[in-house]
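A quick write-up on the structure given underneath.
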Amino acid sequence: MYDVIIVGLGPAGATLARLLDKKYSVAVIDKKGSGEEGFRKPCGGLLAMDAQKALSRFGLTLPKEVLVDPQIFAVRTIDLDAGATQHYQRFYINLDRQKFDLWLKTLIPNHVEIFGNCLCTGIRKQGEYYDVEFMQGDHRRVISGKYLVGADGANSIMRRYLYPDKKIRSYVSIQQWFKERNLTPFYSCIFDSKNTDCYSWTISKDGYFIFGGAYPKHGCRERFENQKERLGKLGIHFGEALRTESCLVLRPSRLDDFCTGEDNIFLIGEAAGFISPSSLEGISSAINTGYYLSKVLNAKSSDPCKAYRRKTFRLRLKLYLKVLKSPFMYFPPLRRLVMASGVNSLKMIRSN
Ligand SMILES: Cc1cc2nc3c(=O)[nH]c(=O)nc-3n(C[C@H](O)[C@H](O)[C@H](O)COP(=O)(O)OP(=O)(O)OC[C@H]3O[C@@H](n4cnc5c(N)ncnc54)[C@H](O)[C@@H]3O)c2cc1C
């Protein structure tokens, strides 16, 4: 029997587990292992300024083991529809996402019980409490808790339990890893409305070149391969894929898509829909919502679900404003105009 059971140990769950008051007995269930083995979150691993700010508010500094080579200061934006390219300055930190998650996990205090390498398979309400079922190896285990927290990402079992009929716009994200063959590593952002109404990216990390994108579910693999072929014609060569990974990624399109939970079940991070619909940046919202919920639970609010929803108001508004901004990136004629105007773009200088 626990006061709080958290499912998921990404940035959202790890932040909440780190900040919950010692008076609570807390259990965390996560399908990741404790090293390189087991589940790895497919992710670009770019720490945006909002996420850097979220970490710095806790006085946290990144250990260098989490960083990868190289650090890149510009994004090459490629519009395959218009055949246009522009460069824009960016302030990302290039990370090893798995190592970043494992580092966040090391910050969790010892009184929190972590069930690693365990898959949560079911939730049942039993009077005032909830039973949470999970697989630990071949063993089925059940623990009970008063408060449940879904920090389990885009395909959240908690969200599906609470809102079985709710559909949030989502894509299949596919990433492939290749040996780096580019003389100058680069980060790019690719728009190609023939294959997706979202976007794709390339990024270099420690001698690997990663190509990924978010695609409508129908025909996602075919769209991915088509896009590789189109990029090949632009001179971006891939070679043999060393690893392919995929997962669901949410892309909220309505204010109503952000669901924060009810009945003593809370959703934080991407499980609640907190991810930028324009850039798919989600680490900052995951950290921030983990923090908001810790404040609410530590304050022993009389109606914690309502208090948590209220705390997320500004974030919900901020993300929804990004939905309104999206046409400037995703509506081809508008994007073409923005790129052609050169506003905020970098004038690139070729070296001999
Ligand atoms: C391909 C891709 C690239 C991205 N690139 C970036 C980027 O560069 N920068 C950025 O800021 N954001 C990026 N995002 C978004 C970002 O990855 C997420 O928004 C962020 O990780 C959300 O954090 P979270 O803690 O809410 O969930 P997650 O990081 O998804 O963590 C969920 C955790 O729950 C666990 N889990 C899930 N289901 C179960 C279960 N049933 N039982 C037990 N454990 C479970 C998983 O092991 C995982 O550790 C990207 C997303 C994708 C898909």
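The values are calculated or read from the model by the stated rules, or taken from the named source; none is laboratory data. Quick caveat, the model's predicted, so the values are computed rather than measured. Neighbour counts run over all protein chains shown; Cβ positions are idealised from the backbone, glycine included. Remember, those area values only see protein heavy atoms, side chains included, never the ligands or the DNA or RNA. Shrake-Rupley method; radii C 1.70, N 1.55, O 1.52, S 1.80 Å.
Hey, can you tell me all the residues within region 147-180 that are part of a helix (DSSP H, G or I) and in contact with a Lys or Arg (Cβ under 8 Å, 6 or more places away or on another chain)? Talk me through it step by step, then tell me what you get.
If we filter region 147-180 for residues that are part of a helix (DSSP H, G or I), which is where we start, we get 157-162.
Of everything in region 147-180, just one residue is part of a helix (DSSP H, G or I) and in contact with a Lys or Arg (Cβ under 8 Å, 6 or more places away or on another chain), namely R159.
How many residues, within region 205-214, are within 13 Å of the ligand (Cβ to nearest atom), in contact (Cβ under 8 Å) with a residue 40 or more places away in the chain and within 14 Å of F178 (Cβ to Cβ)?
Going through region 205-214 one residue at a time, the tally reaches 3.
Considering only region 261-271, state which residues are surrounded by 24 or more Cβ atoms within 10 Å (Cβ to Cβ) and more than 8 Å from the ligand (Cβ to nearest atom).
Scanning region 261-271 gives G261, F266, L267.
Can you tell me how many residues in region 142-171 are in contact with a Cys (Cβ under 8 Å, 6 or more places away or on another chain), basic (K, R) and under 26 Å from L19 (Cβ atoms)?
Of the residues in that region, 1 qualify.
Which ones in region 308-326 are surrounded by 13 or more Cβ atoms within 10 Å (Cβ to Cβ) and of a type outside the set (K, R)?
Result: Y308, T312, L315, L319, Y320, V323, S326.
For region 117-169, enumerate the residues that are more than 11 Å from the ligand (Cβ to nearest atom), among the basic types (K, R) and under 23 Å from the mean Cα position of the chain (by Cα).
Across region 117-169, the qualifying residues are K166, K167, R169.
Name every residue in region 62-90 that is modelled with pLDDT of 95 or more, among the β-branched types (V, I, T) and outside any strand (DSSP E or B), in order of residue number.
V66, V68
Do you know which residues across region 2-43 are open to solvent by 20 Å² or more (accessible area, probe 1.4 Å) and touching a strand residue (DSSP E or B) at 6+ places or on another chain (Cβ under 6 Å)?
Y2, D3, S25, K31, G38, F39
Open to solvent by less than 10 Å² (accessible area, probe 1.4 Å), of a type outside the set (D, E, K, R) and over 26 Å from S200 (Cα atoms): which single residue out of S276, S294, S284 fits that description? Give the derivation first.
Working: S276 fails: over 26 Å from S200 (Cα atoms); S284 fails: over 26 Å from S200 (Cα atoms).
Unique residue meeting the criteria: S294.
Test A299 against the criterion of being buried (at least 18 other Cβ atoms within 10 Å of the Cβ) and out of contact with any Leu (no Cβ under 8 Å at 6 or more places or on another chain), and give yes or no.
Values: buried (at least 18 other Cβ atoms within 10 Å of the Cβ): no; out of contact with any Leu (no Cβ under 8 Å at 6 or more places or on another chain): yes.
Considered against the rule, which asks whether it is buried (at least 18 other Cβ atoms within 10 Å of the Cβ) and out of contact with any Leu (no Cβ under 8 Å at 6 or more places or on another chain), A299 comes out as no.
Scan region 186-227 residue by residue and report those that are open to solvent by 10 Å² or more (accessible area, probe 1.4 Å) and acidic (D, E).
D197, D206, E222, E225
I'm trying to understand the selection: among the residues of region 206-248, which are farther than 25 Å from D69 by Cβ, in a helix (DSSP H, G or I) and over 21 Å from the mean Cα position of the chain (by Cα)?
Passing the criteria: E222, R223, E225, N226, Q227, E229, R230, G232, K233.
Could you count how many residues in region 15-61 are of a type in the set (D, E), part of a loop (DSSP other than H, G, I, E, B) and within 9 Å of the ligand (Cβ to nearest atom)?
Number of matching residues: 1.
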